[in-house]
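One structure below.
The values are calculated or read from the model by the stated rules, or taken from the named source; none is laboratory data. Computed from a prediction, not measured in an experiment: that's the story for all the values here. For neighbour counting, all protein chains shown are included, and Cβ atoms are generated from backbone atoms with ideal geometry for every residue, glycine included.
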Amino acid sequence: MVLLAPVLVFGGCTSVAEVAGTATQQDLLQIRSDMTMLQLQAQRAKTDADALTSQVDRRLRDQAAENERQISALSRRLEGLATTITGLSSRVDEMNGRLETLTRQVRGATSRPTPSAPTGASVAPQTSGPTSPGGPVAPLPSPAPAASAAPSVPGPMSSAPSATAPSVAVTPTPPSTTAPATSRPATGPLQPKDIYQAAYIDFSKGSYTLAVAGFREFLRRFPDHELADDAQYWIGESYFSLARGYGNNGQADKATQSLEQAVQEFKKVIANYPRGDKTPTALYKEALALIELKQTAVALSRLQYLIENFPQAAETPLARERLASLKDR
């Protein structure tokens with residue numbers, strides 16, 4: 001009995017250990033199963049997130065493309081409207097020319113009856129006797145006999161002055177020549193400042209394409225006007241503003257094209273109006289456009305030219321600061 005008890009105790013401990021070992025192995029298997037499930041769930045979530053990200057990116061690209069198409073369509077419409085306005089302006093000029101022609105014709109038709117006034121006054125001699133030729137026939141080549149006939153009027157013909165009064169009233173034909181001069185066309189041609197002001201209003205509203213068309217029309221009609229250099233400058237400023245708008249919308253290609261066009265338009269101000277009041281400003285803005293185009297060396301030369309040739313201009317201090325900042329880079 002004494003020997004049997006330790007054996008039983010040892011056997012019991014062995015079975016408990018086996019049971020404990022089995023339970024620990026089951027726990028490990030459960031943990032591994034849970035970890036595998038969690039990994040699968042995490043992978044599935046990552047796949048879903050990637051799919052959503054791709055969908056969002058695709059929608060953003062589609063939206064950007066749609067916005068670009070809409071902007072392009074609006075730009076084409078604006079250009080079409082600018083072309084239409086130019087055509088309408090040409091038609092208005094044509095209509096004004098036709099109106100002036102018709103006015104001259106009407107004026108000539110109304111002035112034709114006035115030379116017949118002396119012939120109408122020739123009726124007066126039948127009522128006033130031989131003395132009436134002294135008044136209406138004065139412009140004729142024989143004024144002397146008419147003048148000599150006036151003193152030979154007999155005394156009983158004292159009523160002759162009253163008879164000749166109508167003839168004297170008829171003779172003032174000059175008013176008939178001045179009357180047509182007061183008749184003017186109801187609508188005259190467009191004035192230069194009207195076209196310039198309309199284009200500037202478009203610029204101030206941000207309608208830069210319309211502003212370019214308006215200022216170009218002004219220069220086409222009035223290339224020697226005192227505002228011609230201003231009009232050319234505002235064309236360059238319009239393209240410069242368009243470039244900024246394209247840049248803000250992420251349209252780098254269109255921004256570059258507008259900047260290059262702005263440089264060309266500013267150069268026209270300097271070439272065509274070297275001593276105009278907009279020339280210093282055009283030089284400075286040309287340099288700014290060149291800086292944005294990464295043409296720093298050319299921009300430096302333009303700023304230096306502005307400082308040397310226009311020392312009193314308002315843009316000269318700005319040009320000095322910009323020149324110093326570029327040289328410090």
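Quick notes on this one:
- Just one of (1) in the same structural domain as V92 (by TED's automatic domain parsing); (2) within 30 Å of E66 (Cβ to Cβ) fails for R216. It is (2).
- Region 254-281, subset of a type in the set (G, A, S), under 17 Å from R302 (Cβ atoms) and part of a helix (DSSP H, G or I), residue farthest from the chain's Cα centre (by Cα): A271
- Residue list for region 227-275, restricted to those being among the polar types (S, T, N, Q) and within 16 Å of V212 (Cβ to Cβ): Q232, S238, S241, Q257, S258, Q261, Q264
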